[in-house]
Structure formats: structure tokens, C-alpha cells
Amino acid sequence: MIYDKPWKSYQDQLDQLTRRGLMVTDEARALHHLERIGYYRLSGYWFPFRERSGFYCPLPTTDGKKFKRGKTDRMVLDEFITGASFQNAVDLYVFDKRLRLLVLDALERIEVGLRVDISHTLGQKCPFAYLKPEFLFEGFSYKLDEKTSLTGHHQWVAKNAGLINRSKEEFITHNKAKYGLPLPIWVVCEIWDFGTLSSLFAGMAEADQDSIARKYGLSNGRVFASWLRSLNYLRNVCAHHSRLWNRNIAVRPQFTYPSPVFNGEPFLSASHLNQRVFLLLCISKHLLNIINPSSTWGQRLKELLLGFPDLGHLGIDLADMGAIEGWEQWEW
């Protein structure tokens, strides 16, 4: 399709919203938000306020998209639900921003703790164990990717080398100048991002994975590896300032029974709960309990969730985040 939507001034944007039924009680303030936040970013927050059509059965298309016979759907309409306001969307945006900042605070502590766990475990075998296939999982070290003809370890080493090459950290420069390359794992781990450490953990020998996982109440290191992949996804969403509160989680964590996470059984029995951010918030809190038992992060999260905007008139509440009924009674 040829893109044919015209440029609109901020006033034109606001006029279009009011024509579609979105209430605006303070036009000057609404225009300011459109100028500073942007129509497109805010549209993700008023999207749930839009009317839906009745159920219909999609027909097969000729554009190659999958067609599921018997599937029903509802079309999102341009008009807004009666009672929806521009301020409702701004309130939801501000809540989401506060949530992202709080999540990044937790993930920083978790990332630093995991760097120590991985470097201490592998460093005991050899200061350069992260470069040596014999200390890692066989599939990670020797299985070739059909597309790249490289092993997972080759690809990881290349990424790690790029981090070293780009680093301007004084301790990296000092160690390279004094001792040369390679750098011992307890030095180089300090420049890993969450994706780098989660990828290396996934490539560790199973016994080493299990050893670290047990510190966090899990006996299965492969399950713990899935948690780290999910948290890395969460970190990327937050770092790129993307909408978080009702996002479908594309990288879902695995679970075993019993689960050490807050009343984890509901997450096991209801698959839709595994698709929402509340589960990853619970996982983050569980890990922080181990890393820093005196942390107040859980209380701050609870306070934020209790301050969720009042959107009951639009049928929106914390259940859209995957929050389980009675979560307020848990020990945060």
C-alpha cells in the first residue's frame, strides 16, 4: 500500500481525537503533551480506549497471511469508548514510565549479581574459561548454526570482543596495556550487558547452570536460563522506552512445579498470565529477595501498582497486566 496519511499540526491531531470522541478538558495542556510526547507514542496508551466491533469471522486473504478456519475476531474502530479522556491516556503513560524506571532499578541489581555468579563459577575452572569450549555446554560450543555456519559460542565471542573493543573503561584499558588479551573473566564481565550474560549462561555446562540456579531456589538451570532470556527482553523494552504495562511478553519464562515465585501455581495453570508483565515483576522480586534481602523494591512496586490510574469506567485495570486476584496480600 502507498502511505497516504497527511502531516497534521498538533491542533489538527487534537481536533481529530475530539471528533472521534476522546474528551479533552484542558486543550492547552493536551497540546503540550502532543508536542512533548507525540501523537504516535501516546496512541499506544489510548488504543485500549477505542471501541471494538462485534465478533466476526475473518475470510481467507491472498496476501500470504495465516488463516485459521473458525477463528473469530473483533475490529478496532476509530471511535472512543464513551467517557474516555485524553488525560486518562496521559495518566496511563506516566504510570508506565514510572513502572519502566522501577523495573530498570531491579534489573541493574540482578545483572550485577549474575555477573558475579557467572564469573565466579567459570573463573574457578580457568580465568579464561569463557573462551574455552571444553568448559561450556557441548551444543553451545560445537553445534553449527545452519544460517551462519558458526557455533553459538563463536557468535558470543564475537559480541564479547566488540564490547571490549568499544569499551572506554579505565580498568579495561589498564588490563589490556599491562597484561594484554585475553582478559580474565572477573574483569571482562564488568562490561557485559544483560543479553551477553544471559547468552553465556545459556551456553554453560548444565552442572554449572544448576549450581547457580540453586542459589535462586531453582534446581533446573535450563529453566533459570529461560528466566534470564525473559528478563533480557524486559530490559530491552524498558531501555528503549517502549510501552510495558499491558505488553504481550514475546519471550516467556518456563516454570517447574512447585514454583518459588509468588504463588507460582496460577502462572503454571493459566497460560495467558505467562504473556503479561506481572509475572516478570514477580520473578524480579524473587531474585532481589536473594540478592538483597533488605531491598525495598517490592514495597515500592506495590505502592506503584496500588496507584494504577482509575480506569474502571473503561474496563481497564491491573488484570490487563496479568495481576492475580489477591496480589495485594502477598508479602512484598
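Couple of notes before you dig in:
- Condition met for Val188 (surrounded by 18 or more Cβ atoms within 10 Å (Cβ to Cβ), under 11 Å from the mean Cα position of the chain (by Cα) and not aromatic (Phe, Trp, Tyr)): no
- Qualifying position, being surrounded by fewer than 17 Cβ atoms within 10 Å (Cβ to Cβ), outside the structural domain of Leu17 (by TED's automatic domain parsing) and either modelled with pLDDT of 95 or more or among the acidic types (Asp, Glu) (or both), among Arg109, Arg115: Arg109
- Restricting attention to region 194-241, the residues that are touching a residue at least 60 places away in the same chain (Cβ under 8 Å), surrounded by fewer than 16 Cβ atoms within 10 Å (Cβ to Cβ) and over 13 Å from the mean Cα position of the chain (by Cα) total 4.
- Total residues in region 85-117 satisfying the condition of being among the hydrophobic types (A, V, I, L, M, F, W, C), out of contact with any Leu (no Cβ under 6 Å at 6 or more places or on another chain) and within 20 Å of Asn160 (Cα to Cα): the figure is 2.
- For Lys125, the criteria (1) farther than 17 Å from Leu228 by Cα; (2) in a helix (DSSP H, G or I) hold in every case but one, which is (2).
- Matching option when the condition is in contact with a Gly (Cβ under 9 Å, 6 or more places away or on another chain), modelled with pLDDT of 95 or more, within 30 Å of His154 (Cβ to Cβ) and assigned to a helix (DSSP H, G or I), among Phe140, Phe95: Phe140
- Ala250 meets the conditions (1) hydrophobic (A, V, I, L, M, F, W, C); (2) in a helix (DSSP H, G or I); (3) surrounded by fewer than 20 Cβ atoms within 10 Å (Cβ to Cβ) in every case but one. The failed one is (2).
A quick yes/no check of all residues on (1) at pLDDT 80 or above; (2) among the hydrophobic types (A, V, I, L, M, F, W, C); (3) in contact with a Leu (Cβ under 7 Å, 6 or more places away or on another chain):
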| residue | (1), (2), (3) |
| --- | --- |
| Tyr233 | yes, no, no |
| Ser271 | no, no, no |
| Asn274 | yes, no, no |
| Leu281 | yes, yes, yes |
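- Pair list, Cβ under 6 Å, 6 or more apart: region 1-14 residue among the polar types (S, T, N, Q), other residue surrounded by 12 or more Cβ atoms within 10 Å (Cβ to Cβ): Gln13/Leu34; Gln13/Tyr39
- Among the residues listed as Leu42, Leu101, the single one being at pLDDT 95 or above, closer than 17 Å to Trp245 by Cβ and in the same structural domain as Pro309 (by TED's automatic domain parsing): Leu101
- Of the residues making up region 198-242, those that are part of a helix (DSSP H, G or I), more than 23 Å from Arg276 (Cβ to Cβ) and among the aliphatic types (A, V, I, L, M) are Leu200, Ala202, Ala207, Ile212, Ala213.
The values are calculated or read from the model by the stated rules, or taken from the named source; none is laboratory data. Quantities reported herein were computed from a predicted structural model and do not represent experimental measurements. With ideal geometry, Cβ positions are generated from the backbone for all residues, glycine too; neighbour counts draw on all protein chains shown.
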